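Here is the structure we will look at.
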Amino acid sequence: QVRLVESGGGLVQAGDSLRLSCTASGRAFSRACLGWFRQTPGKEREFVAAVSWDGGSTYYADSVKGRFTIAGDNAKSTVYLQMNSLKPEDSAVYYCAAATTYITAMKTDFGSWGQGTQVTVSS
């Protein structure tokens with residue numbers, strides 16, 4: 001099992017940047033695929049980005065390609081989500097998650113979840 005703690009959310013204006021962090025702990029972390037999902041009230045939690053444990057592969061949702069970057073720092077047991085050119089529709093609670101597969105975008109593959117961090121983008 002992997003324990004995940006997110007940080008870095010906040011209120012920003014459209015066009016601004018924000019970086020989310022997710023610190024992981026637990027013996028399974030070193031071989032975990034780490035991902036970010038987001039959820040707004042009344043909607044399903046949706047995939048945003050994922051990175052393989054070795055950083056060799058990344059996946060992105062079409063809605064964030066070219067604006068968001070996911071990267072892991074194994075030395076710090078942390079995965080980051082750099083979000084640029086933010087839009088109001090990016091507003092959501094962002095969740096960090098871990099999966100035991102090498103790389104995946106499937107929500108059902110992620111067995112460990114953080115508590116979430118709120119991102120609000122004003123227009």
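Some values worked out for this structure:
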{"item": "Boolean, Thr101 is open to solvent by 60 Å² or more (accessible area, probe 1.4 Å), β-branched (Val, Ile, Thr) and either in contact with a His (Cβ under 9 Å, 6 or more places away or on another chain) or on the phi < 0 side of the Ramachandran plot (or both)", "result": "no"}
{"item": "Search result, residues across the stretch 32-81 that are assigned to a strand (DSSP E or B), open to solvent by less than 60 Å² (accessible area, probe 1.4 Å), touching a residue at least 12 places away in the same chain (Cβ under 8 Å) and not hydrophobic (A, V, I, L, M, F, W, C)", "result": "Gly35, Arg38, Gln39, Tyr60, Gly72, Thr78, Tyr80"}
{"item": "Test: residue in the stretch 10-21 that is closer than 21 Å to Gln118 by Cβ, among the aliphatic types (A, V, I, L, M), open to solvent by 50 Å² or more (accessible area, probe 1.4 Å) and part of a strand (DSSP E or B)", "result": "yes"}
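The values are calculated or read from the model by the stated rules, or taken from the named source; none is laboratory data. Predicted model only: the values in this text are computed from it and were never measured. Note that we place each Cβ from the backbone using ideal geometry, even for glycine, and neighbour counts take in every protein chain shown. Surface accessibility is based on the protein's heavy atoms, side chains included, excluding ligands, DNA and RNA. Shrake-Rupley method; radii C 1.70, N 1.55, O 1.52, S 1.80 Å.
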